[in-house]
Amino acid sequence: MKLLRNKEIVTSLLIYIGVSAAAVAGALFIGGGAALFVLIVCLVFISVFLVTSYRRYQSLSRLAAELDRILHGNENIDLERFSEGELSILQSEIYKMTVTLKEQSQKLREDKIFLADSIADISHQIRTPLTSMNIMLSLLAEADIDQERRQELIRELYGLLSGIDRLINMLLKMSRLDAGAVQFKKETISLNELIRTAVKPLLVSLELKGQSFEAQTEGEFCGDAAWTCEAIGNIVKNCVEHTPEGGKITIAASENALYSEIIVSDNGNGIDKEDLPNIFKRFYKGKSSGADSFGIGLALAKMIVTGQNGTIKAENAAKGGAMFTVRFYKGVV
């Protein structure tokens with residue numbers, strides 16, 4: 001009998017038998033009838049103990065079987081019948097564990113799909129310029145190529161190499177953020193200094209496209225200046241790329257008791273309605289994106305902003321053009 005393999009059950013049974021024998025022996029001093037009555041009562045108690053223990057043992061066995069099914073991936077688990085005393089508590093804990101395991105399993109499947117898609121996207125992003133570079137190198141190897149054409153190809157090669165370098169740097173930054181390896185600093189600087197530092201690397205691009213830039217700033221910003229400059233710079237770069245020559249980029253930054261707000265807008269053609277829901281997804285390229293766009297600048301910007309208790313929103317301005325609103329909250333939202 002499996003029940004008697006349980007040491008606790010055997011120990012309890014021996015104790016009950018010993019107590020019953022002592023009780024019967026004591027009852028013999030009163031009389032034979034008393035001893036018989038005590039014996040019958042003790043046998044009833046021992047029988048009740050064995051029956052209840054057996055039923056509990058069976059419930060535990062079924063519960064163990066359910067756990068085994070859970071561990072082997074069976075999702076149709078019914079634990080409702082385990083509703084007595086300690087088993088009810090155990091059932092509740094197992095149910096929570098089952099839900100957690102299912103969520104983790106689903107998350108792992110999603111992560112594997114995301115990783116596979118990301119690898120495919122990264123491979124495509126790198127393969128395209130490498131293919132162009134291979135063609136250019138073949139052209140440069142020709143003996144009859146003139147000097148002007150040679151210089152043109154070399155400039156294009158430098159541009160492609162620069163693009164690959166920029167892509168790798170952005171991917172490394174995103175991987176650090178994904179892994180939680182970035183500890184955002186808390187430093188207070190003026191919004192004017194923050195905007196000026198973020199836009200400085202893009203002044204040449206603005207000048208080449210004949211675009212004007214205007215910033216209206218007031219107040220301070222508390223957060224990681226370096227990473228935030230990266231985020232704001234990526235947003236401004238997106239506006240520069242999607243605004244025609246002679247356009248205008250505007251930044252309005254302010255601070256209040258709740259948050260620091262930065263609004264970046266342009267007077268271009270705006271964001272296509274189909275692109276708006278996906279604009280912050282990594283590797284997503286809108287209809288108007290250029291060939292040199294990787295589709296990760298805005299995704300990186302969102303990761304940086306949300307990592308600092310902030311929000312970012314993209315929309316089309318009432319007067320036309322795209323508008324990005326970034327808010328860094330001073331408290332938990």
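The values are calculated or read from the model by the stated rules, or taken from the named source; none is laboratory data. Note that the structure is predicted; figures quoted are calculated from it, not measured. Note that we place each Cβ from the backbone using ideal geometry, even for glycine, and neighbour counts take in every protein chain shown. Remember, those area values only see protein heavy atoms, side chains included, never the ligands or the DNA or RNA. Shrake-Rupley method; radii C 1.70, N 1.55, O 1.52, S 1.80 Å.
Let me make sure I get this right: for the range 135-201, a, b and c are the square roots of the gyration tensor eigenvalues over alpha carbons, sorted descending. Under 1.5 in a/c it's rounded, otherwise prolate if a/b > b/c, else oblate. Which is it? Because a/c hits 1.5 or more and a/b fails to exceed b/c, the range 135-201 counts as oblate. Using the average count of surrounding beta-carbon atoms within 10 Å as a protection proxy, the listed peptides 188-196, 146-154, 264-272 rank, highest first, as 264-272, 188-196, 146-154.
Per atom type, the chain shows carbon and sulfur on 58% of its accessible surface, probed at 1.4 Å. So, in Å, what gap is there between the alpha-carbon centers of the range 127-188 and the range 10-27? One Cα centre to the other: 87 Å. Residue 165 contributes an accessible area of around 90 Å² to the protein surface, as traced by a 1.4 Å probe with all chains present. Here the calculated FRET efficiency for residue 256 and residue 155, from their Cβ-Cβ distance with R0 = 35 Å, stands at 0.15, rounded to the nearest 0.05. For the pair residue 175 and residue 53, a Förster radius of 56 Å applied to the C-beta separation gives a FRET efficiency near 0.50, rounded to the nearest 0.05. The length gained on full extension between residue 205 and residue 269, counted as 0.36 nm times the residue separation minus their Cα-Cα distance, comes to 21.2 nm. With all protein chains kept in place, the per residue accessible area of the chain amounts to 62 square angstrom at a probe of 1.4 angstrom. Count Lys and Arg as plus one, Asp and Glu as minus one, and take only other residues whose Cβ is under 11 Å from that of residue 260; the net charge is then -2. Sorting the segments 323-331, 26-34 by their residues' average number of neighbouring beta-carbon atoms within 10 angstrom, most packed first, yields 323-331, 26-34.
When the C-alpha to C-alpha distance is required to be over 22 Å, the pairs from 107/237; 248/281; 302/330 that qualify are 107/237; 248/281. Screening the chain for whole DSSP H helices of 24 Å or more along their axis (Cα) with average Kyte-Doolittle hydropathy at least -1.0 returns 7-27, 32-71, 85-140, 147-178. Charging the Cβ of each Asp and Glu at -1 and of each Lys and Arg at +1, and nothing else, the dipole of the chain about its Cα centre rounds to 1300 debye. Among beta bridges identified by DSSP and lying wholly in the chain, the antiparallel ones come to about 80 percent. On the beta carbon distance between residue 15 and residue 62, with R0 = 30 Å, the FRET formula returns roughly 0.65. Taking label positions 7 Å along the Cα-Cβ direction at both residue 110 and residue 185, the computed distance is 3.4 nm, reported to one decimal. Of interest is the spacing of the C-alpha centroids, which for the range 31-67 and the range 242-271 amounts to 79 Å. Full extension of the chain between residue 43 and residue 214 yields a length gain of 52.0 nm, computed as 0.36 nm times the residue separation minus the alpha carbon distance. When the chain is treated as a GNM with alpha-carbon contacts under 10 Å, the residue of 114, 283, 221 showing the greatest mean-square fluctuation is 114.
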